[in-house]
């Protein structure tokens with residue numbers, strides 16, 4: 001009887017569990033990064049193994065996806081992902097996601113160059129490129 005009562009208070013067997021960044025990190029192909037429109041890596045935007053210097057154009061891995069990312073995954077093999085405010089992949093305003101970090105669940109508390117004065121990274125990424133760690137002066141947290 002007690003077991004039945006405990007089961008009655010638990011989640012339904014049919015309840016859907018939302019995806020998590022860890023699940024998506026595990027499912028991402030090695031050598032790729034992915035971006036999501038919602039926190040906790042929900043709302044898949046796209047994935048890339050190379051640079052995409054304009055997330056808003058109609059070419060590259062991200063097409064019309066600029067300024068929509070709220071979470072990101074890095075499962076790169078040999079470098080970090082450097083995200084930029086704006087297109088072109090050369091803005092001084094950037095933030096990097098290291099391979100060791102793996103993912104950022106919520107970009108609302110990450111800021112360009114790690115400074116609040118430059119604004120939140122959330123819904124502000126316009127391009128990315130793969131770089132060596134030495135090219136990163138600000139890291140996602």
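The values are calculated or read from the model by the stated rules, or taken from the named source; none is laboratory data. These numbers were taken from a predicted model, which means no experiment stands behind them. Using ideal geometry, Cβ is built from the backbone for each residue, glycine included, and neighbour counts are taken over all protein chains shown.
All of 108, 134, 98 fail the test of being touching a residue at least 60 places away in the same chain (Cβ under 8 Å), surrounded by fewer than 16 Cβ atoms within 10 Å (Cβ to Cβ) and at negative phi, apart from 108. Kindly provide the set of residues from region 108-118 that are in a helix (DSSP H, G or I) and farther than 17 Å from residue 80 by Cα, ordered by number. Of everything in region 108-118, those that are in a helix (DSSP H, G or I) and farther than 17 Å from residue 80 by Cα turn out to be 108, 109, 116, 117, 118. Answer yes or no as to whether residue 119 is over 16 Å from the mean Cα position of the chain (by Cα) and within 27 Å of residue 58 (Cβ to Cβ). Considered against the rule, which asks whether it is over 16 Å from the mean Cα position of the chain (by Cα) and within 27 Å of residue 58 (Cβ to Cβ), residue 119 comes out as yes.
Each residue in region 112-141 was checked for being within 22 Å of residue 44 (Cα to Cα) and in contact with a helix residue (DSSP H, G or I) (Cβ under 7 Å, 6 or more places away or on another chain), and 3 of them qualify. Within region 84-103, the set of residues being under 23 Å from residue 30 (Cβ atoms) and out of contact with any helix residue (DSSP H, G or I) (no Cβ under 8 Å at 6 or more places or on another chain) comprises 89, 97, 99, 100, 101. Of all positions in region 119-131, at least one carries a residue that is crowded, with 21+ Cβ neighbours inside 10 Å and assigned to a loop (DSSP other than H, G, I, E, B).
Residue check: residue 41 meets all listed conditions (1) out of contact with any strand residue (DSSP E or B) (no Cβ under 6 Å at 6 or more places or on another chain); (2) under 15 Å from residue 24 (Cβ atoms) but one, namely (1). Among the conditions (1) farther than 16 Å from residue 130 by Cβ; (2) at pLDDT 95 or above, the only one that residue 97 does not satisfy is (1).
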